[in-house]
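Have a look at the structure below before the remarks.
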Amino acid sequence: MQDFCELCGRDGLTLAYAPEHSHRGISVYVCCYCGLVQSLPRIDHEPHAANDAVRFGKSFRYPIALAALKRHAPSDHFRVIDVGSHRSDFLIALTDAFPAAEAVAIEPDERVAASAADKAELHVARIESLKFAAGTFDVIHSCHTIEHLAHPSRVLKDHARILKSGGLLLLDAPNIALTQAEDIVEEWFVDKHLYHFSARTLTRMVEAAGFEIIEAPDPRDRENLFLVAKKTGTSHAVDPDPKEVDQAVERISTYAATRSHNADALPAVAEELIAMAPKGVAIWGAGRIFDTLVLHGGFDPKKLTALIDPHLTHVAERHGVELSGPEALAAAAPGVIVVLTRGGTDEIAARAGTLVPGAEIIAFADLLGRARLKRAA
Ligand SMILES: [Zn+2]
């Protein structure tokens with residue numbers, strides 16, 4: 001079956017990149033007309049992996065959406081649908097700020113969905129399988145969900161349909177600009193993300209589905225694309241955009257080159273960590289950078305004093321090492337704490353410093369920078 005571009009609908013998907021360690025054999029394509037980056041094959045449903053670490057970014061994001069809602073809420077009494085409510089961080093904050101709001105939560109992951117049960121009318125389902133009445137919601141909140149959908153254009157059009165006239169869409173998605181990070185080592189094009197938006201392709205998709213952008217993504221935020229849009233109800237076709245196509249191709253080739261260069265330095269990062277082990281080394285962040293350090297850098301995680309991750313509390317271990325929350329840091333008393341996260345590094349470093357006063361705190365970017373210099377010498 002022929003796959004058409006999800007944004008412009010044309011038959012112009014061009015192979016751009018083959019991700020590493022893809023369990024389902026995905027490839028990344030760029031539409032040669034509009035520049036949307038998309039993975040094929042598209043699947044609507046994949047069982048959750050036991051060590052699913054992909055969605056961690058989500059729990060940091062609700063304050064941004066809530067602040068936007070305070071700026072734009074039609075009144076205190078509105079009807080909101082939270083698409084991909086996950087652990088209900090947004091709903092909890094919402095109930096607090098707007099006690100009169102009426103909420104509907106959609107979350108397909110039964111392991112986390114129940115947390116929304118007392119905050120909202122909960123549907124343990126995927127948004128594509130639900131059919132709400134037209135014009136019945138004032139607000140839709142969708143955070144780090146759209147990139148997982150097989151057909152996001154279709155779902156955005158349905159969002160416009162179920163919103164009241166002038167209703168609000170608060171949308172948040174990962175930003176492909178993050179692939180340009182100088183210290184990128186982890187595979188960014190993971191199996192679960194079928195779409196890889198830039199500010200341009202995301203806003204165009206939202207507009208084409210029948211919305212007007214009232215707050216565009218912040219160009220300084222390289223990690224996330226957060227926007228606020230208002231329903232207009234008029235959907236339209238998407239014209240070609242040669243400049244976006246060039247940028248998409250350029251981004252992917254820069255990413256592949258930087259990542260491969262950085263991966264070569266990982267064994268030296270592992271070596272430095274092992275050399276520090278007698279002082280006691282804790283790692284904060286057991287996500288994809290940690291995985292890459294173990295798998296590519298040959299780092300032996302058993303040498304760690306502690307492995308900390310507040311966002312993977314449903315997972316007991318990672319690469320054979322027990323995972324703990326930040327509260328375990330004080331008792332472990334490491335001499336060194338290494339922050340292995342993509343984003344939020346300064347906040348985590350500050351928190352780690354409070355938990356273990358006197359510990360040396362090192363960001364991954366600095367470790368990698370030193371390892372690259374060592375290799376170059
Ligand atoms: Zn296209």
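General remarks:
- Number of Lys-Lys pairs in the chain with C-alpha atoms under 19 Å apart and a separation of 8 or more places or on different chains: 15.
- Residues of the stretch 192-227 with an amide N closer than 14 Å to a point placed 7 Å from the Cα of THR234 along the Cα-to-Cβ direction: 207-213.
- With N as its number of residues, the chain has a Cα radius of gyration that, divided by 2.2 N^0.38 Å, comes to 1.02.
- Amide H to amide H, with H built 1.01 Å from N, SER85 comes under 5 Å of ILE106, GLU107, counting only residues 5 or more places away or on other chains.
- Cα gyration tensor shape for the stretch 99-160, rounded if a/c is under 1.5, else prolate or oblate: oblate
- With a Förster radius of 45 Å applied to the C-beta separation of LYS157 and ASP300, the computed FRET efficiency comes to 0.35.
- Cα centre as origin, Lys/Arg/Asp/Glu Cβ charges: the chain dipole, Debye: 240
- Subtracting the Cα-Cα distance of HIS72 and SER253 from 0.36 nm times their residue separation leaves 61.2 nm of extension gain.
- Placed amide H near LEU122: partners under 5 Å, 5+ positions off or other chain: ALA105
- Multiplying each eigenvalue of the alpha-carbon gyration tensor of the stretch 302-343 by 5 and taking the square root yields semi-axes of 15, 13, 11 Å, largest first, rounded to whole angstroms.
- Considering only Cα atoms, the convex hull volume of the stretch 62-125 works out to 68 Å³ per residue.
- Mean Cβ neighbour count within 10 Å, used as a protection proxy, ranking 8-15, 174-181, 133-140 highest first: 174-181, 133-140, 8-15
- C-alpha center-to-center spacing [the stretch 92-107, the stretch 190-216] in angstrom: 25
Computed from the coordinates by the stated procedures, all read-outs in this text should not be read as laboratory data. Source: prediction; values computed, not measured. Virtual Cβ from ideal backbone geometry, glycine too; neighbours counted across all protein chains shown.
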